[in-house]
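The values are calculated or read from the model by the stated rules, or taken from the named source; none is laboratory data. Please read all numbers here as calculations on a predicted model, not as lab measurements. Quick reminder, even Gly has a Cβ in these numbers, built from the backbone with ideal geometry, and neighbours come from all protein chains shown.
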Amino acid sequence: MTTRRQQGESIIEALNNAQHIAFGPVVFQAVRAALDLGLLECIAKAPLTESKAAQACGISNYAASILSDVLAASGVVKKSGDGVLALTKTGECLLYDEMTRVNFRFTADVCYRAMDHLTEALREGRPAGLKELGDWKTIYPGISKLPEPARTSLFAFDHYYSDRCFGELARLLQTLFHPSSVFDVGGNTGKFAAACLKAMPQARLTLIDLPQQCASASANPALKAYAGRFQTACVDWLDPRAAPAVKDKADVIWMSQFLDCFSPGEAAGILRRCTPLLSENGRFAVLECLVDGQSYPAAGFSLAAVSLYFAAVANGNSRFFRRADLEAVFAEAGLEIESRREGLGVSHTLYILKPAGRP
């Protein structure tokens, strides 16, 4: 039976959580200021009083005092009875953990101002916040032209989540298929292409993407050594009639965090247009982060939050998929799941797909 005391404590906890949400943007900017001013770094070196911390990082006592109050209330620092500041575990994560740093800078430099337009984006189904970064219909043609620090933070975010397992996955595809031809659809700057060509000395690889990304990949020094086995093909997948001009068929069509850049209907349409590009025994290899496929709550929370980036900044109609939704896309495209591997890289699932009815 629930007591009055328990009910009161529950309400207090709920009010506390609600205030953290109400002042969430303020807390974020306080942490951002503490990082940019070097306050957290100073405290990390050795516990300090507010005045000593202010002196160490060259700010006023006033600045140190108001930052330390909100940081202590938010669990980023702790303050002892004699006024000495020290980092908490949360503060250490903000300062030292690579995933947290990448997520924080992505939010600060790419998403923060754009999120002011989230309601508009959700109401209208378009990336209303993209105007904070540039004048494009979607972010993808403008990625190479993003202003700094947004460009660096976006690439760091993308590379952290997608690139960490590229070498391992290229070797896996080599073992599974020993392909002579690979199409890297949505290949961006060519990092996976380079890993593939290194792991597959017998293979030719065609990177298929927008003209801007094909140009970036062609200029990637890591691909110079493979010039004889590497080529690009340009396509705008948002044109429902478009298909890349390729000379051969692929034993493997690779898509890494690519389908999440499109609505489910668009993603199914792209898969259908790519299916005729497979060789007789060809397979799709699709790597995605699934919101409901994560082992840790922080990972699922991060993916759910980044889906709002797709809504407000990237394109207005896509997200990180839930498992059932992605598998429904495969079925709509006429594909069968041959195998599924969980827990790859940071938070990825790899699907191997074949056209329905194919042996």
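Only residues that are free of Cβ contacts under 8 Å to residues at least 24 places away in the same chain and touching a Gly at 6+ places or on another chain (Cβ under 9 Å) were counted across segment 314-336, and they come to 1. S302 fulfils the conditions (1) under 23 Å from M200 (Cβ atoms); (2) assigned to a helix (DSSP H, G or I); (3) among the polar types (S, T, N, Q) except for a single criterion, (1). Here is the figure for segment 218-243: residues that are charged (D, E, K, R) and either part of a strand (DSSP E or B) or under 13 Å from G186 (Cα atoms) (or both) total 1.
Restrict the check to segment 46-68 and report whether at least one residue is over 21 Å from the mean Cα position of the chain (by Cα) and charged (D, E, K, R). Yes; the residues of segment 46-68 include at least one that is over 21 Å from the mean Cα position of the chain (by Cα) and charged (D, E, K, R). For segment 156-201, residues that are in a helix (DSSP H, G or I) and not polar (S, T, N, Q) total 25. Sub-8 Å Cβ pairs linking a first residue in segment 137-150 that is small (G, A, S) and at pLDDT 95 or above to a second residue that is surrounded by 15 or more Cβ atoms within 10 Å (Cβ to Cβ) and outside any helix (DSSP H, G or I), at least 6 apart or interchain, are A150/L133, ordered by first then second residue.
Looking at segment 62-130, what helices (runs of 4 or more DSSP H) fall wholly within it and have at least 1 residues that are under 16 Å from D36 (Cβ atoms) and in contact with a strand residue (DSSP E or B) (Cβ under 6 Å, 6 or more places away or on another chain)? Lay out the reasoning, then the answer.
Details: elements: 89-96, 98-106, 118-124.
Per the criteria, 89-96.
Among what's in segment 116-157 and is under 16 Å from the mean Cα position of the chain (by Cα) and of a type in the set (A, V, I, L, M), pick the residue that is surrounded by the fewest Cβ atoms within 10 Å (Cβ to Cβ). Here the residue is A156. Between A311, A324, the distinction of being assigned to a helix (DSSP H, G or I), in the same structural domain as G167 (by TED's automatic domain parsing) and more than 19 Å from the chain's Cα centre (by Cα) belongs to A324 only. Looking across V252, V286, V246, one residue alone is assigned by TED's automatic domain parsing to the domain that holds G186, of a type in the set (V, I, T) and not in a strand (DSSP E or B). It is V246. Taking segment 159-215 as the range and being within 17 Å of S256 (Cα to Cα) and β-branched (V, I, T) as the test, the residues that pass are V182, V185, T189, T206, I208.
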